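Below is one structure; the comments refer to it alone.
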Amino acid sequence: MTTNVTTVPAYAAPAANAPLERTTVPRRPVGEHDVLIDIKFSGICHSDIHQARDGWGEGIFPMVPGHEIAGIVAEVGPGVTKFQVGDRVGVGCFVDSCRTCEYCLQGLEQYCTGGMTGTYNALDKNGEPTYGGYARHIVVDENYTLRIPEGIALDEAAPLLCAGITLYSPLAHWQAGPGKKVAIVGLGGLGHMGVKIAHALGAEVTVLSQSLKKQEDGLKLGADHFYATSDPATFTELAGTFDLVISTVSAPLDFGAYLSLVKTDGALVNVGAPEEPVALNLFSLIGGRKTLAGSMIGGIAETQEMLDFCAAHGLGAEIEVIDADRINEAYERVLASDVRYRFVIDASTI
């Protein structure tokens, strides 16, 4: 066991599918290149629920979820050059990587060939479990810490560390912008940021949602059009319309139906992570030289680029701030799609 660690208050799932409860977890001492962050806010991502309930495979318990972290630097190691005490900072989905593979060297640490070290539900280089943002403090290497610009409130910035970058990265990679037609499938925690960012990039934005109940929200967020996917006429009317379709939903899709909406040489990009496998008729790809792709968060440099972009355009997440004793209630509401659009935990209540 690592020595000279301190313990901090946190909320953890003691076992798979168990309610989260208040506890304490260890944090390593501040090392040469570490920053100690006083966590102010932590977003609740659907990924937290998948992992706390073993939806993506066997987890490491007790588990402290949380990879949408915003806070203030409280202490820095002697070798730190990027931050100082009092800086506004964030931590996203990973806190380390191998740093030497071709992808790390390209700033694509999320695709590290040795495997990035998750902010929680992972083992660090010392073999110790990582614990996430549902806690009062966290110690992170400065090279995996992000600067949150003054233009974004910390509570609205926290979800950008996952939801924001998860949508910014494919929108940037597939060059969404003026003259491009982009569809966002699902208007939830991820999707609402996709609408905001795609609109700010200058694309023509369409929301594809199960029903029209969020239509007013979608248009206010920046969508130009809004369609219900429960209406079969939607797929007929929009066939071959979009340069880029991004699916944010965590349930399996009929990919063939959504590929029918994509133009020749266009792309359907999946950022949702269903627990179940999906089927695909390959003729839906062949006819039109279409691409079915995936995208996962972003590297450190791109995440900083996203934060700076959001600050420049006045973009933050649409949030509902909750006390920590409502985390379990929030999980159930996320599963019931009863949040507009991201729960954020006030860490001072932990």
Among the residues of region 95-149, count how many are of a type in the set (Val, Ile, Thr), touching a helix residue (DSSP H, G or I) at 6+ places or on another chain (Cβ under 8 Å) and within 15 Å of residue 69 (Cβ to Cβ). 2
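How many of the residues in region 253-289 are part of a loop (DSSP other than H, G, I, E, B) and touching a residue at least 60 places away in the same chain (Cβ under 8 Å)?
Residues meeting the conditions: 6.
Which ones in region 168-196 are part of a helix (DSSP H, G or I) and more than 17 Å from residue 340 (Cα to Cα)?
168, 169, 170, 171, 172, 173
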With the checklist (1) hydrophobic (A, V, I, L, M, F, W, C); (2) surrounded by fewer than 21 Cβ atoms within 10 Å (Cβ to Cβ); (3) touching a Leu at 6+ places or on another chain (Cβ under 6 Å) in hand, flag the one item residue 239 doesn't pass. (3)
Complete set of residues in region 301-350 that are within 25 Å of residue 197 (Cα to Cα), in contact with a Ser or Thr (Cβ under 8 Å, 6 or more places away or on another chain) and outside any helix (DSSP H, G or I): 344, 345
How about region 251-272: which of its residues are out of contact with any Leu (no Cβ under 9 Å at 6 or more places or on another chain) and either over 19 Å from residue 174 (Cβ atoms) or of a type in the set (Ser, Thr, Tyr) (or both)? 251, 252, 254, 257, 264
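Here are 58, 32: which of them is over 16 Å from the mean Cα position of the chain (by Cα), modelled with pLDDT under 95 and at negative phi?
So the residue among 58, 32 that is over 16 Å from the mean Cα position of the chain (by Cα), modelled with pLDDT under 95 and at negative phi is 58.
I need the full set of residues from region 1-56 which are assigned to a strand (DSSP E or B), among the hydroxyl-bearing types (Ser, Thr, Tyr) and surrounded by fewer than 21 Cβ atoms within 10 Å (Cβ to Cβ), in order please.
Across region 1-56, the qualifying residues are 6, 7, 23, 24.
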Yes or no: region 63-80 includes at least one residue that is at pLDDT below 95, assigned to a loop (DSSP other than H, G, I, E, B) and touching a helix residue (DSSP H, G or I) at 6+ places or on another chain (Cβ under 9 Å). no
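The values are calculated or read from the model by the stated rules, or taken from the named source; none is laboratory data. Since the model is a prediction, treat every value here as computed from it, not as a measurement. Note that each Cβ is placed from the backbone with ideal geometry, even for glycine, and that neighbours are counted across all protein chains shown.
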